[in-house]
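Trainee: Take this structure first; my questions come after.
The values are calculated or read from the model by the stated rules, or taken from the named source; none is laboratory data. Quick caveat: nothing in here was measured; it's all calculated off a predicted structure. Please note: Cβ atoms are built from the backbone with ideal geometry, for glycine as well, and neighbour counts cover all protein chains shown. When the accessible area is computed, the model is the full protein with side chains, heavy atoms only, and any ligands, DNA or RNA have been set aside. Shrake-Rupley method; radii C 1.70, N 1.55, O 1.52, S 1.80 Å.
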Amino acid sequence: MLNIRIERTANPRKKPEPGAPLGFGKIFTDHMFVMNYTEGQGWHDARIVPYQKIPLEPSAMVFHYGQTMFEGLKAYKGTDGRAYLFRPDMNAKRANASNDRLCIPRIPEEDFVQAVKAVVSVDQEWIPSDPGTSLYVRPFIIATDEFLGVAPSKTYLFIIILSPSGAYYASGLNPVGIWIEDEYVRAVRGGIGFAKTGGNYAASLIAQVKAHDEGFSQVLWLDGVERKYIEEVGAMNIFFKINGKIVTPMLSGSILPGITRNSVITLCRDWGYEVEERRISVDELIEAQKTGALEECFGTGTAAVISPVGKLRYVDDVMVIGDGGIGPVSQKLYDTVTGIQSGAIKDPYGNWHVCVDD
Ligand SMILES: *Cc1c(COP(=O)(O)O)cnc(C)c1O
């Protein structure tokens with residue numbers, strides 16, 4: 001249990017008006033959570049303070065060797081007016097999986113969840129209430145030793161910032177076009193692909209630019225060794241419906257274990273679908289599309305929740321999925337997950353819809 005000191009701002013800022021365009025990750029709230037780590041002392045000085053700059057020396061290790069991790073989740077205003085999170089315990093677990101891989105000290109899961117709840121609670125007036133909007137929560141850790149040697153840092157900062165964000169789909173679910181990248185790769189087994197860390201995104205930018213130039217909104221990565229098997233999209237996991245079965249790449253170590261992915265697998269199994277987590281080759285997809293067996297494709301992630309895919313491009317092939325529109329499973333998953341998040345649908349699992357003040 002953390003002892004969190006709260007220092008409220010003397011100058012609260014103007015919150016966005018209802019209906020104002022929020023975009024994503026551009027506006028920040030009045031407060032942030034901060035906690036220090038020092039070798040020998042552990043995590044200490046948990047506090048909620050006014051949102052502010054962080055003083056760091058140019059030699060701070062995070063700037064040089066990328067020892068950093070982050071998480072991403074959302075807070076919602078429930079139908080009862082209270083503030084809720086979606087499965088924050090899963091973010092706490094995943095944070096420690098990233099920490100372990102990157103030699104960053106662990107944060108006890110209950111402390112991580114307590115910190116997220118506390119800062120969201122302080123700034124809950126910032127949770128927007130227009131349909132589809134939410135308060136994006138960004139916990140992250142940076143290595144702060146002033147040292148240019150390559151070694152795990154002995155000091156760290158854990159910070160949580162909050163950003164009111166607009167609806168991902170301004171006018172309802174919209175199918176996207178996806179570029180299957182055949183040249184660059186994002187991650188390999190044994191690397192850091194399963195960790196939520198900056199380096200994976202640095203590696204992805206070049207293909208994202210390329211895909212955008214070609215008129216596609218997202219990149220779908222192939223495995224880093226054979227460039228033959230499907231891995232995941234930029235910040236989403238990927239699912240297919242092939243011959244009535246739900247199929248998604250297995251967690252092989254090089255893809256991010258998405259919480260939305262886990263939730264979708266749970267829901268689909270409970271609805272009676274057969275769900276396979278396995279290797280899927282591009283060749284299998286091309287073949288399934290030709291024979292009409294490829295019924296749906298969708299991405300899953302905190303930002304979009306469910307992102308229906310209308311077409312996939314691979315080298316000279318452009319595959320239209322189904323009729324290029326939104327498949328029924330994609331739509332039902334979107335309605336169900338967002339319904340549980342807002343409280344409009346009763347949480348069937350008991351621990352998915354978590355009030356920040358309980
Ligand atoms: C965060 C992330 C996802 C999605 O994870 P969720 O927990 O569902 O938001 C998928 N892929 C990558 C690379 C990510 O960083």
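Trainee: How much area per residue is accessible in region 5-165 when the probe is 1.4 Å and only protein heavy atoms are counted (Å²)?
Mentor: Here the per-residue accessible area is 46 Å².
Trainee: Same structure again: Within region 9-115, how many lysine pairs that are 8 or more places apart, or on different chains, have C-alpha atoms less than 16 Å apart?
Mentor: Qualifying lysine pairs in region 9-115: 5.
Trainee: Still on this model: Once the chain is represented by equal point scatterers at the alpha-carbon sites, with solvent omitted, what log10 I(q)/I(0) does the Debye formula produce at q = 0.07 Å⁻¹?
Mentor: Log10 of I(q)/I(0), two decimals: -0.31.
Trainee: Here's something else I'd like to know. How big is the dipole moment of region 108-265 about its Cα centre under a simple scheme where the beta carbon of each Lys and Arg is +1, that of each Asp and Glu is -1, and everything else is neutral? Debye, nearest 20, please.
Mentor: Computed about the Cα centre, the dipole is about 420 debye.
Trainee: For the chain, modelled as a GNM with alpha-carbon contacts under 10 angstrom, which of R279, R269, R186 fluctuates the most?
Mentor: Top of the fluctuation ranking is R269.
Trainee: Taking Cα centroids, how far is region 325-349 from region 149-172 in Å?
Mentor: When both Cα centres are located, 26 Å separates them.
Trainee: State the percentage of accessible surface on region 1-82 attributable to carbon and sulfur atoms; use a 1.4 Å probe and exclude ligands, DNA and RNA.
Mentor: The nonpolar share, carbon plus sulfur, comes to 53 percent.
Trainee: Choose one of A97, P18, I192: the residue whose Cα lies farthest towards the positive end of the charge dipole of the chain (beta-carbon charges +1 Lys, Arg; -1 Asp, Glu; about the Cα centre).
Mentor: Of the candidates, P18 comes out farthest on the positive side.
Trainee: In whole angstrom, how far apart do the alpha carbon centroids of region 217-233 and region 129-148 sit?
Mentor: Spelled out, the Cα-based centre of one part sits 26 Å from the other.
Trainee: Could you state the accessible area per residue of region 222-300 in Å², with a 1.4 Å probe and every protein chain left in place?
Mentor: Result: 38 Å² of accessible area for each residue.
Trainee: Placing +1 at every Lys and Arg Cβ and -1 at every Asp and Glu Cβ, with all other atoms neutral, what dipole size does the chain have around its Cα centre, in debye to the nearest 20?
Mentor: 560 debye
Trainee: Right, something else. Output needed: percent of Cα pairs per 10 Å distance bin for region 5-165, bins running from 0 to the one holding the longest distance.
Mentor: Spelled out per bin, shortest first, that is 10, 38, 34, 15, 3, 0.
Trainee: Would you please state the base-10 log of I(q)/I(0) at q = 0.19 1/Å for region 176-342, with intensities from the Debye formula using one equal scatterer on every alpha carbon?
Mentor: -1.29
Trainee: Another one. Counting only protein heavy atoms, what percent of the accessible surface of region 166-293 is carbon or sulfur at a 1.4 Å probe?
Mentor: In region 166-293, the share of accessible area belonging to carbon and sulfur is 48 percent.
Trainee: Moving on to the next point. Restricting to the chain, what percent of DSSP beta bridges are antiparallel, rounded to 5?
Mentor: Expressed as a percentage, antiparallel bridges in the chain total about 80.
Trainee: Would you list, by chain and number, the aspartates and glutamates whose Cα falls below 14 Å from the Cα of K241, excluding same-chain residues fewer than 8 positions away?
Mentor: The qualifying aspartates and glutamates are E274, E276, E277, E284, E287, E295, E296, D323.
Trainee: Using 0.36 nm per residue of separation minus the Cα-Cα distance, give me the extension gain between H64 and D182 in nm, one decimal.
Mentor: Roughly 39.5 nm would be gained on extension.
Trainee: So which lysines can K245 reach, going by Cα to Cα under 24 Å and dropping same-chain residues fewer than 8 places off?
Mentor: K228, K290, K311, K332
Trainee: Ok, one more. Based on alpha-carbon centroids, what's the gap between region 1-41 and region 69-86 in Å, whole number please?
Mentor: 14 Å
Trainee: Roughly how big is region 5-165's charge dipole about its Cα centre, with Cβ charges of +1 (Lys, Arg) and -1 (Asp, Glu), in debye to the nearest 20?
Mentor: Value, rounded to 20: 360 debye.
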